[in-house]
Amino acid sequence: MEVSSKVKASQVTIKLLSQALQAPAIELIHRGWKEYNLPRVWFLFITKPVTLLITGIIAGVAYFSCDSLIPTLLTPFGVMVYMGIRIYVFYMRFVQLEAPEFENLGQYFDNTSGSAFWVAVDESGRLLGTAVLDKVSNSTAKMKWVFVCSSARGKAIGQTLLQHVVKYCKKQNYSELILTTTEIHTAAIQMYKKHGFTIYNTYLENDNRSPPVPSLRMYQLRKLLP
């Protein structure tokens, strides 16, 4: 579901998720993971110093063991394939963990509970982006699943969604808005900081890999609401 690259934030409408947009919204989130997140995670992993070091050691062992350049030259390719497989497994794990929530999106069809699922649509009704808010407590809400269609990125649509979420949180008298993102989302992190978010915790994602590979650094951010 692609949209014209000429779309502007001023042409976007933010509204609550409807039954008709439920399937397209889930598709956009999954497509965002596959088309944007996975390639960036893969590139990040293969260029991490620990990965380069391990690749060099394996290549050196292969060369001295086989006395041939062929295994040595194939080592980086093998590492890249291995990383790709591990990242795809990570993605499938994400799908499995999120599946129960995707099956229960009806809870977001109205926002009286303090939780809500918004979509950004253009003038023709085409889906451009998503943003979800979950109530954590009477004072805290958590934002997640902020995705923008690939052909609509760079048009301030993510910023428009964020501003809508913050406005809603203030109406609900939340005093804190939190979210979790990863080190690959540098532009998003800068956007959040620009809108008053601060990083209050970082940790390395760990999905019990065996053998281990580099982990993603996760960032937890929050914004205190007046």
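The values are calculated or read from the model by the stated rules, or taken from the named source; none is laboratory data. Bear in mind that the values here come from a model prediction, so they are computed numbers and not experimental data. So basically every Cβ, Gly included, is an ideal-geometry build from the backbone, and we count neighbours across all protein chains shown. Surface areas here come from the heavy atoms of the whole protein model, side chains and all, with no ligands, DNA or RNA. Shrake-Rupley method; radii C 1.70, N 1.55, O 1.52, S 1.80 Å.
Regarding Arg217, is this residue of a type in the set (Lys, Arg), within 27 Å of Tyr82 (Cα to Cα) and open to solvent by 40 Å² or more (accessible area, probe 1.4 Å)? It is true that Arg217 is of a type in the set (Lys, Arg), within 27 Å of Tyr82 (Cα to Cα) and open to solvent by 40 Å² or more (accessible area, probe 1.4 Å). Under the condition of being open to solvent by 30 Å² or more (accessible area, probe 1.4 Å) and either among the aliphatic types (A, V, I, L, M) or within 20 Å of Leu221 (Cα to Cα) (or both), the residues counted in region 141-159 number 5. Taking Ile178, is it surrounded by 21 or more Cβ atoms within 10 Å (Cβ to Cβ) and aliphatic (A, V, I, L, M)? Here the answer is no, as Ile178 does not meet what is asked. Out of (1) touching a residue at least 60 places away in the same chain (Cβ under 8 Å); (2) outside any loop (DSSP other than H, G, I, E, B); (3) closer than 27 Å to Trp42 by Cβ, what's the single condition that is false for Tyr203? The one condition Tyr203 does not meet is (1).
Any idea which of Gly60, Gly78, Gly114 is touching a Lys or Arg at 6+ places or on another chain (Cβ under 6 Å) and at pLDDT 75 or above? Only one candidate passes the filter, namely Gly114.
Only one entry in Trp145, Trp118 is under 19 Å from the mean Cα position of the chain (by Cα), on the phi > 0 side of the Ramachandran plot, not in a helix (DSSP H, G or I) and not charged (D, E, K, R), namely Trp145.
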